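Read the structure below first, then the notes.
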Amino acid sequence: MLQRLGPFMRRPAGQLAPVVRGLSSGSVSIKVPLNFWAGKRRASHEKCIKENVYEPATGKILCHLEPCDAVDVDQAVKAAKLAFGHWSKMSGMERARIMIKAAHIIESRREEIAQMEVIDNGKSITEARLDVDSARLCIEYYAGLANTLAGQHVQLPGGSFAYTRREPLGVCAGIGAWNYPFQIAAWKSAPALACGNSMVFKPSPLTPVTAVMLAEIYAEAGAPESLFSVVQGGQETGSLLCHHPDVAKVSFTGSVPTGRKIMEMASKGVKPVTLELGGKSPLLIFQDSDLENAVRGALMANFLSQGQVCSNGTRVFVHENILPQFLEEVVKRTQRIEIGDPLLDNTRMGALVSQPHLDKVLSFVDQAKKEGATVLCGGEPFVPTDPKLRGGYYMTPCVLGECKDEMTCVREEIFGPVMSVLSFETEEEVLQRANDTTMGLAAGVFTRDVKRAHRVVENLKAGSCFINNYNITPVEVPFGGFKMSGIGRENGQVTIEYYSQLKTVFVEMGDVDSLF
């Protein structure tokens, strides 16, 4: 069994300061600054009101966050600009070597990073390990692409020609979400760095810790000082980043309302944005589905990371002919989900990220009951038997039956472990209902009919679609949404286009043919 927990397991000499110490209560306490630029952790420029950050599993104070002010953000961006000057002149192969080394460091420290992610976020250690793997694989993948960035040669009349150059943008701002703190930092930084950019990253103030570990790992791997910097804070710090004249691009993961604000702020400087926003994704289960796999898919589509996943398929449409069997099996398996200490290997559901968020999710369940939905299981606060976890933010995973399209639980993103099950009769009908949403991040279909699977996917208005599976996000494949679920893509080769710009050069080999 994992301990709850001790000092970091491995630390390169002189590089990473110890940030956690085991306490007799079983909680942890972080005492060093969480901002990082110009080669080291830094306290805020001015004395500010420190904000409490809580460990979701225990409800105890994990650390005190120092938000960055305008001077701090300016220093971090200017330092990143200096790093960009050096990094952008390196060859793709040189950049790739450093990125590969960073990936190797992440691999060697997998358990340490995963444990810190659990403490920071509350998810199970099993999931956190996979998140760390995803971060490492993403960095490896874009390291492999760094040396392939190339333009095009175009032959013109008379021996003249033109060519294109794919060039970096400059300093990119990354703004992360709290559900995948370390993974999102890697997903944003890896393509940015591969293209020759630098990045200033702002984590969510709810989960500020592991992004700093990534910054130190890049530094240890030999990246130029301030190539990947971290500034902490909330909305004000994010606004300072978006408005900074030396920031060339903003990449944000989070809610639709915040994404709108970021797009508006970036528009003042005509800065490109990548937005990976919310979802209310449909999962369609036809009567010819393999029921075992459909149930597994529905559980994966709703209960990963305590349901706090933007792509979750929370509107589960089940054909009326198999609805009773599906509900019986999905409820039985939902009730067996092991809830508790997220640092234990047998735990499958840890704590939600905060008390206010837990209260919000529980209120959605209450509202669903008032509107006529039936709670088939779960949807209640959960108190672990371990006394040191009793202040944590836990709830039992919930399955709602007899849901209707107009219900709040079906229309709005809950972002918690709540599955809304609806019945349908025909393919045409369920497609119309599935697409009846302002969001379009993901969608899924379970069927044995290959023709139907591709026909349905073609008609689903969503950026990431799954056939006979759900919530699979290999780094080689683009991820992003339609409609209000976002702009641009993360992962895959296409993301290179979102972190670079194309320059066209015309070369005249003859005389100028002038009209004057």
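Key figures
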item: When residues of the stretch 459-472 are limited to those that are assigned to a loop (DSSP other than H, G, I, E, B) and touching a residue at least 12 places away in the same chain (Cβ under 8 Å), the one surrounded by the fewest Cβ atoms within 10 Å (Cβ to Cβ); result: 469
item: Set 171, 231: member being within 30 Å of residue 505 (Cα to Cα) and either open to solvent by less than 10 Å² (accessible area, probe 1.4 Å) or outside the structural domain of residue 39 (by the TED database) (or both); result: 171
item: Hits in the stretch 175-199 - residues which are over 11 Å from the mean Cα position of the chain (by Cα) and under 17 Å from residue 490 (Cβ atoms); result: 189, 190, 191, 192, 193, 194, 195, 197, 199
item: Sole residue being closer than 20 Å to residue 207 by Cβ and in the same structural domain as residue 187 (by the TED database), chosen from 108, 88, 124; result: 124
item: Among the candidates 456, 418, 475, residue that is closer than 16 Å to residue 278 by Cα, open to solvent by less than 20 Å² (accessible area, probe 1.4 Å) and hydrophobic (A, V, I, L, M, F, W, C); result: 418
item: From 206, 240, residue being assigned by the TED database to the domain that holds residue 65, in contact with a Pro (Cβ under 9 Å, 6 or more places away or on another chain), open to solvent by 40 Å² or more (accessible area, probe 1.4 Å) and hydrophobic (A, V, I, L, M, F, W, C); result: 206
item: Residue tally, condition of a type in the set (D, E, K, R), open to solvent by 40 Å² or more (accessible area, probe 1.4 Å) and in a loop (DSSP other than H, G, I, E, B), over the stretch 323-371; result: 5
item: Cβ pairs under 7 Å, 6+ apart, first in the stretch 490-515 and within 30 Å of residue 310 (Cα to Cα) and not assigned by the TED database to the domain that holds residue 472, second among the acidic types (Asp, Glu) and open to solvent by less than 90 Å² (accessible area, probe 1.4 Å); result: 490/276; 500/167; 501/167
item: Residues satisfying the stated conditions in the stretch 215-230, i.e. in a strand (DSSP E or B) and closer than 13 Å to residue 193 by Cα; result: 228, 229
item: Any chance residue 379 is under 24 Å from residue 333 (Cβ atoms), assigned by the TED database to the domain that holds residue 292, part of a loop (DSSP other than H, G, I, E, B) and in contact with a strand residue (DSSP E or B) (Cβ under 9 Å, 6 or more places away or on another chain); result: yes
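The values are calculated or read from the model by the stated rules, or taken from the named source; none is laboratory data. Note that the coordinates shown come from a computational prediction; the quantities given were computed from them, not determined experimentally. We place every Cβ from the backbone using ideal geometry, glycine too, and count neighbours over all the protein chains shown. Ligands, DNA and RNA are excluded from the accessible area calculation, which covers all protein heavy atoms including side chains. Shrake-Rupley method; radii C 1.70, N 1.55, O 1.52, S 1.80 Å.
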